[in-house]
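All remarks here apply to the structure that follows.
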Amino acid sequence: MLLSRPNITIRPALACAALVFGLAQPGSAAAQDGVLTYRMGRDTVAIERFSRSATRFSGEMVTRRGPTVTRTSYDFTLANGRLTAAVFKSMQADGSPPTRGPVEQRFTFGADSVTRTVLASDGQTSQAFAAANAFPALPVYVYAPYAILNDAVRRGARGDVPQVGLAGNRVGTIGLEPMPDGTMRLRGAPYAMLLRFAQDGHVEMTDGSFTTNKAIGTQAAGAVDIAALAKTMKPVANLSPRMTAFAAFAQGPITINYGSPAVRGRTVWGGTLVPFDTIWRTGANEAAHLATSKTIQLGDMTLAPDLYTLWIQHTRTATWLIVNKQVGQWGTAYDAANDIGRVAMQLAPTPEHVEDFTVTIRSLGGPRGAFDFAWDDKVATAAFMVRP
């Protein structure tokens, strides 16, 4: 299922001939503006606008990631380049407060502590954390403020700092790790995105190709009206709906439950979505689960009636189906110690483009069957036999 793309117009900033973020010149009095557009393949999933001056870093993000269109605004206060306060506000598409969950989070940063106040419809709570030079956790698709961390690194600060979440009691760690290509890898956030910063310090690119969040963010000078944009966006519900493949052998059901992501113009086998040599979750979100009421012979594995998880490793020489005995986990929680075994699959061209990842369980006659994993221009097949 493809996302419907909203009608998005980014207007050039009237007062800016070129984007200069100003982090390297903290004394600059004028604010500089920019926009980050986040896409999954050809589809836009979020827009973030931001503005930076010597004492403030503010912005707003709108996303249709999930069943609704939501907005998040943020406002950071800085003194001599040091973060002293931060405020996050959650909104529905029309700007009204959310019907559930926190409405606002406020942070006050002292020399060696942080106070977080969470406002909800039924009251507010405050909590203090022992954390020096800390940084708040940022929502997904709010990446521009990481320029504050980058600026600190450029001034000689260490790469990792304490991180206080928008909820919870734990103090984590957030940091930027330099990569050989000049990008910075984000550590401690939900996704280890690659960030590229311009010479003047602003975020000009985010790359989630090597994470489970495959979104790419690109920056441009300009301005957007987030409130107006939110009205044009359509929610996408689940980007990777849960699907179930089913077949019965001698009145014994066999099923595979999996998340079904879409290609959306990206490369698949050996590309962005199924990179060479990585362990892929065989779909999206929760791990793909195989349930069988019959004993299955799959390669040299004998699988008794039970529940298993399935993983795929695609290499330049072979494509493997891996069976694992751990179940109930998210698709990033792969533990090779729980592998039962693996079997080489046949990789063949598909008759036509397969936009949504599709799993099929086929009967080959009698006790013989096959698992087909089709996506884009290829299908990987593993033959099996149901044992009496």
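Structure values in brief
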{"quantity": "Residues located in the stretch 342-383, provided they are on the phi > 0 side of the Ramachandran plot and within 29 Å of the chain's Cα centre (by Cα)", "calculated": "376"}
{"quantity": "Of residues in the stretch 79-111 being among the small types (Gly, Ala, Ser) and over 28 Å from the mean Cα position of the chain (by Cα), the one farthest from residue 127 (Cα to Cα)", "calculated": "81"}
{"quantity": "Matching residues, the stretch 285-307, being buried (at least 18 other Cβ atoms within 10 Å of the Cβ) and without any contact (Cβ under 8 Å) to a residue 40 or more places away in the chain", "calculated": "289, 290, 303"}
{"quantity": "Test: residue in the stretch 308-329 that is among the basic types (Lys, Arg), assigned to a loop (DSSP other than H, G, I, E, B) and more than 23 Å from residue 213 (Cα to Cα)", "calculated": "yes"}
{"quantity": "Residues being small (Gly, Ala, Ser) and under 14 Å from the mean Cα position of the chain (by Cα) - total across the stretch 179-223", "calculated": "7"}
{"quantity": "Options 356, 277, 339, 372: the member that is surrounded by fewer than 18 Cβ atoms within 10 Å (Cβ to Cβ), among the charged types (D, E, K, R) and within 30 Å of residue 388 (Cα to Cα)", "calculated": "339"}
{"quantity": "Among the candidates 255, 282, residue that is touching a Phe, Trp or Tyr at 6+ places or on another chain (Cβ under 9 Å), assigned to a loop (DSSP other than H, G, I, E, B), surrounded by 15 or more Cβ atoms within 10 Å (Cβ to Cβ) and not charged (D, E, K, R)", "calculated": "282"}
{"quantity": "In the stretch 127-141, the residues that are assigned to a strand (DSSP E or B) and touching a Phe, Trp or Tyr at 6+ places or on another chain (Cβ under 8 Å)", "calculated": "136"}
{"quantity": "Subset of the stretch 132-163 (residues that are closer than 19 Å to residue 179 by Cβ, at pLDDT below 90 and of a type outside the set (D, E, K, R))", "calculated": "152, 153, 157, 159"}
{"quantity": "Residue match in the stretch 234-244 (condition: in contact (Cβ under 8 Å) with a residue 12 or more places away in the chain and over 30 Å from residue 90 (Cα atoms))", "calculated": "yes"}
{"quantity": "Complete set of residues in the stretch 34-70 that are of a type in the set (Val, Ile, Thr), surrounded by fewer than 19 Cβ atoms within 10 Å (Cβ to Cβ) and either closer than 20 Å to residue 104 by Cα or not assigned by TED's automatic domain parsing to the domain that holds residue 142 (or both)", "calculated": "68"}
{"quantity": "Residue list for the stretch 120-153, filter: aromatic (Phe, Trp, Tyr) and out of contact with any helix residue (DSSP H, G or I) (no Cβ under 9 Å at 6 or more places or on another chain)", "calculated": "129, 141, 143, 146"}
{"quantity": "Criterion (modelled with pLDDT under 95 and under 18 Å from residue 171 (Cα atoms)) met by exactly one of 110, 123, 81, 101", "calculated": "110"}
{"quantity": "Test: residue 198 is on the phi < 0 side of the Ramachandran plot and surrounded by fewer than 20 Cβ atoms within 10 Å (Cβ to Cβ)", "calculated": "yes"}
{"quantity": "Members of the stretch 308-331 found to be more than 16 Å from residue 295 (Cα to Cα), among the hydroxyl-bearing types (Ser, Thr, Tyr) and surrounded by 13 or more Cβ atoms within 10 Å (Cβ to Cβ), listed by number", "calculated": "319"}
{"quantity": "Residue count, the stretch 340-357 (criterion: touching a Phe, Trp or Tyr at 6+ places or on another chain (Cβ under 9 Å) and under 15 Å from residue 321 (Cα atoms))", "calculated": "6"}
{"quantity": "Count of residues meeting criterion [more than 21 Å from the chain's Cα centre (by Cα) and either part of a loop (DSSP other than H, G, I, E, B) or under 22 Å from residue 352 (Cα atoms) (or both)] in the stretch 224-252", "calculated": "6"}
{"quantity": "Any hit, the stretch 144-167, residues being acidic (Asp, Glu) and either surrounded by 12 or more Cβ atoms within 10 Å (Cβ to Cβ) or in contact with a Gly (Cβ under 9 Å, 6 or more places away or on another chain) (or both)", "calculated": "yes"}
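The values are calculated or read from the model by the stated rules, or taken from the named source; none is laboratory data. Since we're looking at a predicted model, the values are computed, not measured. Neighbour counts are summed over all protein chains in view; Cβ atoms, including those assigned to glycine, are modelled from backbone coordinates with ideal geometry.
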